[in-house]
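Each remark here refers to the structure printed beneath this line.
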Amino acid sequence: MENDLSRTIKASELLNEANTVRQERGLIYGNPYYNMETTAKMVSAYINTYITPDQMAVILALVKIARLTQTSGFENKDSYVDGISYLAIAGECSTYQEYPNDDDYS
């Protein structure tokens, strides 16, 4: 299949959009660490295996990557943006030594 160059997605566009989405959702939901922690606890209980908040974010990124294997290109822009966001959240969550401050996301 030929690439439609008029619909080329630039890496900088994806990164900028991912950051914008993260900031917007942060204003609504607060620091993503808490959501990843809650989700990780729920999944841990379900599968009877401990999962950390950063691992949970990676798992959610893998869901987005799996979707990209079904189709590709501009139609999947949201999956690319969400995958980038989840990996960035995973990186952030992996660095916390104590609970983060929600003020960073308001």
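A short reminder: the numbers here are calculations on the coordinates, not readings from a lab. Everything numeric in this text was worked out from a predicted model, so none of it was measured. Glycine also receives a Cβ, built like all others from the backbone with ideal geometry; neighbour counts cover every protein chain displayed.
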Counting other Cβ atoms within 10 Å, which GluC sites (Glu not before Pro) in the stretch 8-106 have at most 15 and lie in a DSSP loop?
-> 98
Here are some values of percent of Cα pairs over 23 Å apart: (1) 56; (2) 53; (3) 33. Which one was computed from this structure?
-> (3)
Going by C-beta contacts inside 10 Å, put 78, 54 in order with the fewest on the left.
-> 78, 54
Could you please rank 67, 7, placing first whichever residue has the fewest other Cβ atoms within 10 Å of its Cβ?
-> 7, 67
Footprinting exposure proxy for 77, 10 (fewest neighbouring C-beta atoms within 10 Å first) = 10, 77
Within the chain, which complete DSSP H helices have Cα atoms spanning at least 15 Å along the helix axis and a mean Kyte-Doolittle hydropathy of 1.0 or higher?
-> 53-68
Among the lysines, which fall within straight-line cross-link reach of residue 77, defined as a Cα-Cα distance under 19 Å, with same-chain neighbours fewer than 8 residues apart omitted?
-> 10, 64
Please report, for the Cα atoms of the stretch 35-84, the Rg to one decimal and the Dmax as a whole number; what are they, in angstrom?
-> 12.7, 38
Taking the dipole of the chain about the Cα centre (Lys, Arg +1; Asp, Glu -1; charges at Cβ), the one of 86, 21, 50 that reaches farthest to the positive side is 50
